[in-house]
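Beneath this line is the structure, given in structure tokens, with notes to follow.
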Amino acid sequence: MVATAGLSDCGVEETLAAMDRWFATQEMLVVHPRPEGPVLGSGAAATQYAGFNAEKGRVQWRRVEDDQVAFDVARQLGRDMVELLERLGA
């Protein structure tokens, strides 16, 4: 599962949780990323939020494609999916 949002901590985590519950209801196996090292996020969720510029008094935006943490978590998710498939003998 991958989700995107404009801001960090503004609903994307609950979106992932709702998707997780739906997949569980459909009896699907959900793989969650298990990061190597410190936890980077609660799931593969990218945001456009780049920070707050106190000098200008406004939010700074970026392209979702520039959210490096989200792409690192997504890559870890891919590795974990492959590992699970290998363990299941698929």
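Quick note: the coordinates plus some simple rules give every number you see, no bench work behind them. In this text the structure is predicted, and so the values were computed from the model without any measurement. Please note: Cβ atoms are built from the backbone with ideal geometry, for glycine as well, and neighbour counts cover all protein chains shown.
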Lys, Arg +1 and Asp, Glu -1 on Cβ, resulting dipole of the chain about Cα centre, debye, nearest 20: 200
Mean separation of Cα contacts under 8 Å (6+ apart) over length of the chain, as relative contact order %: 31
Square roots of 5 times each gyration tensor eigenvalue, C-alpha, the chain, largest first, Å: 29, 15, 9
